[in-house]
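The values are calculated or read from the model by the stated rules, or taken from the named source; none is laboratory data. As the structure is a prediction and not an experimental result, all values here were calculated from the model. Backbone-built Cβ (ideal geometry, glycine too); neighbour counts: all protein chains shown. Just the protein is used for accessible areas: all its heavy atoms, side chains included, with ligands, DNA and RNA removed. Shrake-Rupley method; radii C 1.70, N 1.55, O 1.52, S 1.80 Å.
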Amino acid sequence: MSKVFITSALPYANGPCHLGHLRSTYIPADIYARYNRMNDVDVLFVCASDEHGTPIAVRAEQIGKSPKEIADKFHKMIKRDLELCNISFDNFSRTTDPLHYEISQNFFLKLYEKGYIYEQVIKQPYCNTCKRFLPDRYVEGICPHCKGEGARGDHCETCGRHLDPIQLEEPTCLICSSTPEIKESKQYFFKLSHFQDDLGEWIEGNDELPPNVKNYALQWIKEGLKDWILTRDMEWGIPVPLEDAEGKIIYVWGEAFLGYISSAAQWSRRENKPWEDYWNDKAIHFIGKDIIYHHSIFWPALLMGYGCKLPDNVVAGAYLSLEGRKMSTSKNWVIWASQFLEKFDSDIVRYYLTINAPLGRDTDFSWDDFQRRVNDELADVIGNFLHRTFTFTNRFFDGKIPEPSKFDEYDEEFKNRILSIPDIVSENIEHFKFREGLIEIIRLAKFGNKYFNDKEPWKAVKESPEEASNCLYLCNQLSKVLSVILTPYIPVRASKIMEIMNLDVEKTTSWKTAGKFVPAGHEIGKPKPLFSKIDDSIIKKEKEKLYENLEETETMSDIISIDDFAKMDLRISEITDAERVEGSENLLKLKVNTGEKEIQVVAGLAKKYAPEEIKGQKVVVLVNLKPAKLFGIKSEGMILATSDSLSVLSADAAVGEQIK
């Protein structure tokens, strides 16, 4: 039996999972794992929470907790999120596990002994108040390239450039806000440049790598690889296993990859099977496209240095935006997996996030599109076909699959399409074209509905019983095939189809049985609802909640400096027109005269004021706010109101007068 080692990128334990994580990494990996199991491939599917690194350490210091407390909290949340989505890991571990420490330190030592890790004195920011060197995320300042404020020591969010902390202008310590000085510090570097040519050959010669991974990696090779700093001066992390390295830990990207191996090793100890057999047969990584560099350059170089077989493929999922905007956890512009899965079952989210776009292309989550696809495709196409098939079989044939007679040309076409669909879907899944495989399934189910309508078994059962028998015989066969080929995608519903058809779930979920027809005379059960339509009111409520979250984060509740306040252009303005926003219980669309011009503002005041009540009122408006869209409507300012009663702030002053 062939084997395959499948991994999903380690979720970082400083927050729960959102839909973007599920879409780019975990659902695709699970589809591939389930499909391979159905094809008698021995699968080892592992993952772990990534629990080291400066973001967790910084957050812990800021809120007065230990990093382990934060990691513990989010490890449980992440594990719950992935279980709710039916991600079928064979093992889910964590990088704070003692076994991971052992494996990571041994890996570091071997690279050091082989001469691929070396010492070098570098310059680093040092905080005299905190009495320590500051790792990159502990420093903030002004980007030297774009002059953007709030740039981190490793990255500028404004222009996207990679930074070194000593490059920052006006740097400050993130913990105490003091200005660090630059001192010399000894660190350990990995000879990434040594593997430049070997990596280039591996990437060029690997025909399995998807274009988005290969092209991105080759661009880095073309620009020339530089050695990586592999250690940090901090307490939170895996200690460097060398006598003269006290106070230093292995950089998170120097040990997080090994979470794949330590999770597999944990499984090995429990199951008493060698994980190496799986890795050496075939190893596939599923990641998000933001870490292509790490998995196509740095990780393979580490493995080359150690002397291991390289992964066979790296599949990178693209980004998921939300209602046309980039997801932002800080602005609460996000849909958390747990909240979503409280209201919608896992099969629905698995279906939508797969059918929405090819894995390698950025796509958008839209509540309206989500509703449309669930209602039109799952309910009206697949659900309707199955329900009619099972209902008419019970009504006209006593719940037994009828005996077919001679097929006409239309019957033969339908039969051949049923028999060919398992191979078509298989070909797509084998090449990581998960959406394309699902599209083929929907296409055949649509054809099945047309065939059913054209054959009119409700008439044929009286006028031409043989024709009705042929129709229901073939429709039941498609139902059985659907129950098999949908299993990697929507496993819960697929299993329920099998149950209704009184099929042995364990035997039926073998892919090689997909094209084998159920014998005539087999008795099926009563039809049960498989897919429910999503009502407009549910979508309306979810959209309102999402936009309310955004409004809340755009309020000015944080402490600001006098300079920040001076940037605000607050003016007495008059509301000249008002109307409710269609589909929202909370929002009003307002026309506002600021004295200089008329602007449009969308405000969450509908529960406090009727349009006719607020029209004509003088209010205080922030007029130089960056325009945004709320509920798809452009909003060019913000009306100041109290947070609890939603009472607008007014003043007895002339329209256009500025507040200072």
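Extension gain, GLN62-LYS309: 0.36 nm per intervening residue step, less the Cα-Cα distance, totals 84.7 nm. Shape summary of the stretch 465-539, radius of gyration then Dmax from alpha carbon positions: 14.2, 45 Å.
The solvent-accessible area of VAL41, taken with every protein chain present and a 1.4 Å probe, is close to 30 Å². On the beta carbon distance between GLU412 and THR391, with R0 = 25 Å, the FRET formula returns roughly 0.50.
What translational diffusion coefficient, to the nearest whole µm²/s, does the stretch 1-127 have by Stokes-Einstein, given a Kirkwood radius computed over alpha-carbon pairs, a temperature of 4 °C and 1.567 mPa s viscosity? Approximately 76 µm²/s, per Stokes-Einstein.
Note on GLU548 and ASN128: the extension gain reaches 146.9 nm, defined as 0.36 nm multiplied by sequence separation minus the Cα-Cα distance. Of ASP423, ASP312, the residue with the largest accessible area leads and the full order is ASP423, ASP312 (1.4 Å probe).
By the gyration tensor of its Cα atoms, with a ≥ b ≥ c the square roots of the eigenvalues, what is the shape of the stretch 266-315: rounded for a/c under 1.5, prolate for a/b over b/c, or oblate? Since a/c reaches 1.5 and a/b is larger than b/c, the shape of the stretch 266-315 is classed as prolate.
A 1.4 Å probe run over the stretch 390-454, with the rest of the protein chains in place, finds 49 Å² accessible per residue. Scaled against the 2.2 N^0.38 Å expected of a compact globular protein of N residues, the Cα radius of gyration of the stretch 68-222 reads 1.34.
Overall, the anisotropy analysis places the stretch 111-151 in the oblate class: the square-rooted eigenvalues a ≥ b ≥ c of its C-alpha gyration tensor yield a/c not less than 1.5, with a/b not exceeding b/c. For the stretch 300-375, the solvent-accessible area works out to 35 Å² per residue, with a probe of 1.4 Å and every protein chain left in place. With labels modelled as points extended 7 Å from the Cα through the Cβ direction, what inter-label distance (nm, one decimal) is found for ASP652 paired with SER420? The two pseudo-label positions are separated by 8.3 nm. Using a probe radius of 1.4 angstrom, the carbon and sulfur fraction of the accessible surface of the chain is 47%.
Size check on the stretch 193-234: the Cα extents along the three principal axes, sorted descending, read 40, 19, 16 Å.
For the residue pairs LYS65/LYS123; LYS343/LYS533; LYS480/LYS516; LYS110/LYS226; LYS343/LYS543, alpha carbon separations beyond 18 Å are given by LYS65/LYS123; LYS110/LYS226.
Counting only DSSP beta bridges whose two residues both lie in the chain, roughly 70 percent are antiparallel. The convex hull built on the alpha-carbon positions of the chain has an orientation-averaged projected area of 35.3 nm².
For the stretch 152-303, the convex hull drawn through the C-alpha positions has a volume of 170 cubic angstrom per residue. Considering only alpha-carbon pairs that sit under 8 angstrom and 6 or more positions apart, the relative contact order computed for the chain is 12 percent.
The alpha-carbon atoms of the stretch 378-522 define a convex hull whose volume equals 97 cubic angstrom per residue.
When each of the peptides 50-56, 414-420 is scored by how many other beta carbons lie within 10 Å of its residues on average, the order from highest to lowest is 50-56, 414-420. Net length available on complete extension from LYS222 to GLU596 is 129.3 nm, with 0.36 nm assigned per residue and the Cα-Cα distance removed.
Applying D = kT/(6 pi eta Rh) to the stretch 362-455, where Rh is the Kirkwood radius over alpha-carbon pairs, T corresponds to 25 °C and eta to 0.890 mPa s, the Stokes-Einstein value obtained is 160 µm²/s.
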